[in-house]
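What follows is a single structure, written as structure tokens, with notes after it.
What follows is calculated from the coordinates using simple rules that are stated; it is not laboratory data. This structure is a prediction, so every number in the text was calculated from the model and none was measured. All Cβ positions, glycine included, derive from the backbone under ideal geometry; neighbour counts span all protein chains shown.
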Amino acid sequence: MMNSREPNGIAAKLLDFGRRPIPITRRQSLALVGALITAGGLGAVWHFNRFALRNAIALNLWVPTPFDHESGFDRLRASAEAIRPLFIRKGEPVRGEWLALFDEPGQSLNQYLRGFTPALRAANGAILILPFGEFETRLTAIVNEVVALLDLFYERRVQILPVEPAPPLAADQRRGSGTSEQLFTLPLLDYLKTRVPADAAALLAMTPVDVTAGPNWNFVFGQASLVDRVGVWSLSRLAERAAPPALQLRRVSQVALHELGHMFGLWHCTAYSCCMNGFDSMKELDAAPLAFCPECDAKVWWRFGLEPAPRYTRLAEFARARGLERDADLWARCARALMGARV
């Protein structure tokens, strides 16, 4: 049986207030509708331009860092400006692309410097490549070419360590078997942390076995730590026999360059079409250049004290000799832009 009594006290006053009509004039109604439309419009603009707006702010905002007054720093920034017009700005991601799945903030040169720990400069030794598994002759030849490119790109000595079996992973750290086996990357990274020498620039493992980030992922091309100087990349999908040899080399090189970038503290790039973009498919990987954009490459120049113009010339020569014309042209244009700007 329902209680039909009216509430008393504060409850009665609240009920009475809720029953009162709220007088709204026609002008107020129009103003309210206008405000809602304006808010919706601004929300739509922000949704479709958030990457452009966020990147514009990040690229033009410079917060002072302890490194700004180092010798040659102004020249470094001038070099980045000289090649900036050669790179394509990223637009709003479309369905299926990495940035449509992962709303990442990006990282400008200034943001990189603001987060850089001076102690990291002590780890300026060789880049170590640790092969896991069995490599057929075709894959070994590709790896040797990639090592030569890494040497030119980072201007570090690159050393291939003796081949080892993949670390024995627990049953819940791998899936599948035979040619369909996949290794989970996080346990591999944990293992590599115990192997990286204190003075090595990086320890990057490679394997012909497919890899994935975990049970909820299909696959990944590779994965690296931003702070521990370790990473892993797989040749399984990148060097498929059906692809032309030059394309196999390009794909394997691209992921190796990318993962090493992470190991040197570079985040995914959201500002330009760049080798440091996140990739969710082979199509997205192939669309990006081997080159790092001005923001990302400036981090590498600064981190290792590189001279950009002669480095671009050497990279262009390497790429052209191996049929990578698109990448050779971009690197050659960067070299000409820097020589023309005399920086």
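Between residue 329 and residue 52, the simple label model (points 7 Å from Cα in the Cβ direction) yields a spacing of 2.6 nm. Here's the list of aspartates and glutamates a cross-link from residue 299 could span, going by alpha-carbon distance under 19 Å and ignoring same-chain residues fewer than 8 apart: 68, 70, 74, 81, 104, 151, 155, 228, 259, 307. Dividing the mean sequence gap of close Cα pairs (under 8 Å, 6+ apart) by how many residues region 72-341 holds gives a relative contact order of 23 percent.
For region 72-341, what is the per residue volume of the convex hull drawn over the alpha-carbon atoms, in cubic angstrom?
126 Å³
Can you compute the helix-only [θ] at 222 nm over the chain? Use -39500 (n - 2.57) per DSSP H run of at least 4 residues, normalise by all residues, nearest 500 deg cm²/dmol. Taken over the chain, the calculation gives -15000 deg cm²/dmol.
For the chain, a Gaussian network of Cα nodes joined below 10 Å ranks 218, 277, 110 by mean-square fluctuation, and the top entry is 218. Database remark: amide H of residue 277 closer than 5 angstrom to the amide H of 269 (H placed geometrically; neighbours at sequence offset of 5 or more, or on other chains; Pro and chain starts carry no H).
Using a 4.7 Å Cβ-Cβ cutoff, the cysteines of the chain lacking any partner cysteine are 275, 296, 334. What's the angle, to the nearest 10 degrees (0 to 90), between helix 294-304's Cα axis and the longest principal axis of the chain? That works out to roughly 50 degrees. Normalised by residue number, the volume inside the convex hull of the Cα atoms of region 50-153 is 200 Å³ per residue.
Measuring from centroid to centroid over Cα atoms, what is the spacing of region 288-341 and region 211-232 in Å? With region 288-341 and region 211-232 each reduced to a Cα centre, they are spaced 27 Å. Roughly speaking, what is the stretch gain from residue 35 to residue 226, that is 0.36 nm per residue apart minus the C-alpha to C-alpha distance, in nm to one decimal? Stretched out fully, the residue 35 to residue 226 stretch lengthens by 64.3 nm. A simple spin-label model places pseudo-atoms 7 Å from Cα toward Cβ; at residue 84 and residue 321 they are separated by 3.4 nm.
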